[in-house]
Amino acid sequence: MGPKFVEKEIIEESYAAIERLRERLCGAHPYYFIETYGCQMNEHDSEKLAGMLEAIGYRRTDDRTKADFILFNTCCIREHAEKRTFGNVGFIKEIKAQNPALITAVCGCMMQQKEVAKRLAARFPFVDMIFGTNELHIFPQLLEKVMDGGRIFEIKDIEGEIAEGLPIKRSEGFSTFVNIMYGCNNFCSYCIVPYVRGRERSRRAEDIIDEVRCVVREGFTEVTLLGQNVNSYNDNGMRFPELLRRVNEVEGLKRLRFMTSHPKDLSHELVMAMAECDKVCEHIHLPVQSGSNRILKLMNRRYTREHYLELVRDLRENVKGVEITTDIIVGFPTETEEDLEDTLSLVLEVGFSAAYSFAYSVREGTKAAAMDGQIPEEVKKERLARLNAVIMSSVNGANDKYIGREGEILIEGRDLRGEPMMFGKLGSLKMVYVNGDESMIGKYYKVRITGTRFNSLVGEIIE
Ligand code: 5AD
Ligand code: SF4
């Protein structure tokens, strides 16, 4: 059975609500402020909410004290994210005291945990709207109810549907996101995502390709295809490697990226699609989580260290100049010194170009939360520090091999630290500094790498 799509009538009703709200504003352009926590998926959801707010007539501000509408799009992947949100929502009280007409909203993954959402609602009575990850497309209707004097607490438990056709206000630049699927079915034992984002559902390939064409027409040249586990994309039998090949054909697109890949589903076919598609960048984010087979099993990752190393070999053999980045968790329940050593040795063996490291954080409701052998916080902290030291040493070492190589960068801006220089990224995501000026922003340049700087590279333009 394919995924459920939100009925056209409901989307039409959302557009009608946008129109009604627009009329209600009588030509005024109040300010909105959005603070987003967490991953690219959340960033992109915020772009959809911003798209609807701008269609209503709101204007963006980065100054929350000036805002008439403040939204927090929350994350719950680790406890730290939750604590920060409660702290920051609390600060709004004073702004609301200055501006009683201010509308305050909290949405996103953290709200999808109903108990947490209820706690937030009780603690902060000034929050006008609380909604989950499945209510994005009815946001205009919810906002209308708040303007009528109501308080919204709307969190559905449904598996999740796909809503097509809503406006999106993309962040400025040359690189943007396109969702290809939502949700996750993997249930890694530490992870809350499957509980708050629902089951896997893939968008239709033609909707994805239309959207890529559309963003290219808007001036974006780099697209990142987003999904919690892009390798399990499936639109009526069309799998991810085929989708990648189709998107690669879009005229005007220069660079194509994707994330995130799960090692258990990364096929040789995908490696070959990466190798053969000229626009697909030579980078893959492939979270390994641990280098210990015993821990990987407890994490329910369904691959081994050996399998992971085999994937790395396949990628390096076929995708020229590929860089691999990863996520690693230390302090998972029952992790021993020996398990940690396995992780550290894997980091050295692979030579990641970047590795994001995390101390295991207990998430209520997940399998790992109920496991015996939870590791004390001090031990997790100490292990994280050791992991970071190994990551630092292996990443720094890996930069030297670039000296003398050539590549293409997309210039993003100017860095004012030290001697001001322009910077941009290679397809591999390596940052390169070059001499130049602002007129270069958004353009692609061929460079030769001449040295290293702040954990990045320095190059000279050759074309
Ligand atoms: N504790 C620590 N890190 C976590 N991640 C996911 N869940 C947890 C958790 N409970 C990390 C994983 C994942 C990244 C997005 O966040 O490494 O790949
Ligand atoms: Fe979480 Fe695992 Fe799904 Fe990634 S693949 S979102 S870590 S459950």
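The values are calculated or read from the model by the stated rules, or taken from the named source; none is laboratory data. Bear in mind that the values here come from a model prediction, so they are computed numbers and not experimental data. Cβ coordinates were reconstructed from backbone atoms using ideal geometry, including for glycine residues, and neighbour counts include every protein chain displayed. When the accessible area is computed, the model is the full protein with side chains, heavy atoms only, and any ligands, DNA or RNA have been set aside. Shrake-Rupley method; radii C 1.70, N 1.55, O 1.52, S 1.80 Å.
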Query - Verdict on ILE168 being surrounded by 17 or more Cβ atoms within 10 Å (Cβ to Cβ), out of contact with any His (no Cβ under 9 Å at 6 or more places or on another chain) and β-branched (Val, Ile, Thr) - result: no
Report summary line: Per the list (1) away from ligand 2 (no atom under 16 Å from the Cβ); (2) open to solvent by 50 Å² or more (accessible area, probe 1.4 Å); (3) under 24 Å from ASN186 (Cα atoms), residue check on ALA389 breaks on (3)
Query raised in the report: Within the stretch 235-249, can one find any residue that is under 23 Å from GLU412 (Cα atoms), in contact (Cβ under 8 Å) with a residue 40 or more places away in the chain, more than 16 Å from ligand 1 (Cβ to nearest atom) and touching a helix residue (DSSP H, G or I) at 6+ places or on another chain (Cβ under 7 Å)?
Result: no
Query raised in the report: Which condition number in (1) open to solvent by 10 Å² or more (accessible area, probe 1.4 Å); (2) within 16 Å of ligand 1 (Cβ to nearest atom) is the one that SER292 fails?
Result: (1)
Query raised in the report: Which of (1) within 28 Å of LYS381 (Cα to Cα); (2) within 14 Å of ligand 1 (Cβ to nearest atom); (3) out of contact with any Ser or Thr (no Cβ under 7 Å at 6 or more places or on another chain) does THR336 not meet, given it meets every other one?
Result: (2)
Report summary line: Flagged in the stretch 191-247 as touching an Asp or Glu at 6+ places or on another chain (Cβ under 7 Å), modelled with pLDDT under 95 and either of a type in the set (Val, Ile, Thr) or in a helix (DSSP H, G or I) (or both), in numbering order, are ASN231, SER232
Requested in this report: Take the stretch 314-342 and flag every residue that is within 16 Å of ligand 2 (Cβ to nearest atom) and polar (S, T, N, Q).
Outcome: THR325, THR326
Query raised in the report: Is the stretch 79-92 home to any residue that is open to solvent by 10 Å² or more (accessible area, probe 1.4 Å), of a type in the set (Phe, Trp, Tyr), over 29 Å from GLN228 (Cβ atoms) and free of Cβ contacts under 8 Å to residues at least 24 places away in the same chain?
Result: yes
Report task. For the stretch 21-44, enumerate the residues that are assigned to a helix (DSSP H, G or I) and touching a helix residue (DSSP H, G or I) at 6+ places or on another chain (Cβ under 6 Å). Result -> LEU21, ARG22
Report task. Please find, within the stretch 295-333, the residue that is most open to solvent (accessible area, probe 1.4 Å) out of those that are touching a His at 6+ places or on another chain (Cβ under 9 Å) and within 15 Å of ligand 1 (Cβ to nearest atom). Result -> ARG302
Query raised in the report: Of everything in the stretch 326-368 that's over 24 Å from the mean Cα position of the chain (by Cα) and hydrophobic (A, V, I, L, M, F, W, C), which residue is farthest from LEU286 (Cα to Cα)?
Result: LEU340
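A quick yes/no check of all residues on (1) farther than 30 Å from VAL458 by Cβ; (2) of a type outside the set (D, E, K, R):
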| position | (1), (2) |
| --- | --- |
| SER353 | no, yes |
| PHE358 | yes, yes |
| ARG363 | yes, no |
| LYS367 | yes, no |
| GLY373 | yes, yes |
| GLU377 | yes, no |
| LYS381 | yes, no |
| ALA389 | no, yes |
Report task. State which residue is nearest to ligand 2 (Cβ to nearest atom) when the search covers only the stretch 176-208 and only residues that are at negative phi and small (Gly, Ala, Ser). Result -> SER189
Query raised in the report: When the stretch 341-355 is examined, which residues are found to be without any contact (Cβ under 8 Å) to a residue 60 or more places away in the chain and either within 30 Å of LYS114 (Cα to Cα) or within 15 Å of ligand 1 (Cβ to nearest atom) (or both)?
Result: THR343, LEU346, VAL347, PHE352, ALA355
Query raised in the report: Does SER261 meet the test of being without any contact (Cβ under 8 Å) to a residue 60 or more places away in the chain and within 14 Å of ligand 1 (Cβ to nearest atom)?
Result: yes
